[in-house]
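Here is the structure we will look at.
The values are calculated or read from the model by the stated rules, or taken from the named source; none is laboratory data. Nothing here was measured: the structure is a model prediction, and the numbers come from that model. Quick reminder, even Gly has a Cβ in these numbers, built from the backbone with ideal geometry, and neighbours come from all protein chains shown. Note: accessible area is taken over every heavy atom of the protein model, side chains too, but ligands, DNA and RNA are not part of it. Shrake-Rupley method; radii C 1.70, N 1.55, O 1.52, S 1.80 Å.
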Amino acid sequence: MSKTLQNDLLIRAALSQSTERPPVWMMRQAGRFMPEYWEIKNKYSFLEMCKTPEIAADVTMLPVDLLDIDAAILFSDILVTGEAMGGELSFEQGVGPRFGNPVRTQADVDRLETDCLDKLQYVADAIRVIQERLAGRIPLIVFAGAPFTILSYLVEGGSSKDFKRTKLMLNNEPALAHQLLQKIADVTINYLNMQIDAGVNAVQLFDSWALALSWNDYREFAHYYNKYILDNIKRTVPVISFCKGSSVFAPIMAEANPDVVSIDWNADLKNIKQTLPAGIAVQGNLDPFVLYADKQVIERKILELFERMRGENGFIFNLGHGIMPDIPFDNVKHAINVVKGFRY
């Protein structure tokens, strides 16, 4: 795949090959910190943006054109699989995603569809539009939400601070939780394979809320299904595994055999890298709040991380989580320029 790319830094780093500098992309890079994003967002709802291939492509291309990033990531949302299965998904300003029909009983789980790939065809269509526009300049990353994270949104009916209902299901009705997780995992495999068939260059599995789990519960209710997905998708492109809590769960995450483990900002990246099996790359792990700071501080923090990682193949620079919407655009641009100016 990388042979057709003009800039294949990300692919080489993901495959633990040597690179002249770390590649850079940022989670939520096509987002609300850009005025150009709001020009589009003010005309359409969030789901309209996701479901209209030309608009999804427009937003995906913003950081490519404005930031000169080393990889594009599809503009979409992790919850589109939950919606395709039968969740009544909406996005409310200031509230976030909501499922109007939460999944809490056996009957709720039974009604969820797994044969629903046709409802996600708009994603494959967007991928083809984006790849046409990219014309081989840089790789395109796509993604899916991991089963535990999707379960938590379906069960809670939206975002949660304490995951009380989710944990009640895991503790009181583990068999029901496993049934739901299996359904989500099967849909996720089909969804990722559809995206791979559409011609992407890398995929990322987002387990955004894994940090809510204990070590044993992570292994049983998250890792088991993430591994099942990675064992059953077409491994023709690099696979990145991300979770909030990766500084804790990285040793288990590695057992699923991803190409890359994306690390949050709580850990020393080099220490994590050296505890992972050979051939697994790391991605991360700048604290996104650094991007609020003065430009010389941003530069110092990035270069400190790069010096720490010097001599390590398999390193993709990213944030430990996503960009916040009110981070100044100029600071993000400066961070990317620092990365692009660095050489080992």
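Annotations for the structure displayed:
- Scanning region 51-80 for residues that are part of a helix (DSSP H, G or I) and either hydrophobic (A, V, I, L, M, F, W, C) or touching a Gly at 6+ places or on another chain (Cβ under 6 Å) (or both) returns Ile55, Ala56, Ala57, Val59, Met61, Leu62, Val64, Leu66, Leu67, Val80.
Listed here are the residues, each with its yes/no results for (1) surrounded by fewer than 20 Cβ atoms within 10 Å (Cβ to Cβ); (2) touching a Leu at 6+ places or on another chain (Cβ under 7 Å); (3) more than 16 Å from Ile11 (Cα to Cα).
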site: Arg235; (1), (2), (3): yes, no, no
site: Ser241; (1), (2), (3): no, yes, no
site: Ile263; (1), (2), (3): no, yes, yes
site: Asp268; (1), (2), (3): yes, no, yes
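- Leading residue by the ranking (surrounded by the most Cβ atoms within 10 Å (Cβ to Cβ)) among those in region 46-75 that are more than 20 Å from Ala124 (Cα to Cα) and not hydrophobic (A, V, I, L, M, F, W, C): Pro63
- For region 13-40, a residue qualifies if it is open to solvent by 20 Å² or more (accessible area, probe 1.4 Å), modelled with pLDDT of 95 or more and among the basic types (Lys, Arg), and exactly one does: Arg28.
- All of Ile302, Ile323 fail the test of being closer than 17 Å to Met26 by Cβ, among the β-branched types (Val, Ile, Thr) and out of contact with any Pro (no Cβ under 8 Å at 6 or more places or on another chain), apart from Ile302.
This table checks each residue for (1) out of contact with any strand residue (DSSP E or B) (no Cβ under 6 Å at 6 or more places or on another chain); (2) aliphatic (A, V, I, L, M); (3) closer than 25 Å to Ala56 by Cα.
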position	(1), (2), (3)
Arg98	no, no, yes
Val103	yes, yes, no
Arg111	yes, no, no
Val123	yes, yes, yes
Gly145	no, no, yes
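- Per-region count, region 249-261, residues farther than 19 Å from Gly322 by Cβ and touching an Asp or Glu at 6+ places or on another chain (Cβ under 9 Å): 2
- Number of residues in region 296-344 that are in a helix (DSSP H, G or I) and open to solvent by less than 10 Å² (accessible area, probe 1.4 Å): the value is 8.
- Going through (1) surrounded by fewer than 19 Cβ atoms within 10 Å (Cβ to Cβ); (2) out of contact with any helix residue (DSSP H, G or I) (no Cβ under 8 Å at 6 or more places or on another chain); (3) closer than 25 Å to Tyr224 by Cβ; (4) of a type outside the set (A, V, I, L, M) one by one, Thr114 falls short only on (2).
- Verdict on Arg98 being under 30 Å from Met309 (Cβ atoms), of a type in the set (Lys, Arg) and open to solvent by 60 Å² or more (accessible area, probe 1.4 Å): no
- Here Pro277 does not fit the description of being under 26 Å from Val142 (Cβ atoms), touching a strand residue (DSSP E or B) at 6+ places or on another chain (Cβ under 9 Å) and either at pLDDT 95 or above or among the acidic types (Asp, Glu) (or both).
- Residue among Ile127, Ile184 that alone is within 28 Å of Met61 (Cα to Cα), crowded, with 18+ Cβ neighbours inside 10 Å and under 21 Å from the mean Cα position of the chain (by Cα): Ile127
- Here the condition is being open to solvent by less than 10 Å² (accessible area, probe 1.4 Å) and on the phi > 0 side of the Ramachandran plot; of Gly145, Gly157, it holds for Gly157 alone.
- Reported count of residues in region 187-208, each being among the acidic types (Asp, Glu) and within 18 Å of the chain's Cα centre (by Cα), is 1.
- You will find that of Met169, Met85, the residue that is in contact (Cβ under 8 Å) with a residue 40 or more places away in the chain, farther than 21 Å from Asp217 by Cβ and buried (at least 18 other Cβ atoms within 10 Å of the Cβ) is Met85 and no other.
- Those residues of region 84-120 which are charged (D, E, K, R) and outside any loop (DSSP other than H, G, I, E, B), in sequence order: Glu92, Arg98, Asp108, Asp110, Arg111, Asp118, Lys119
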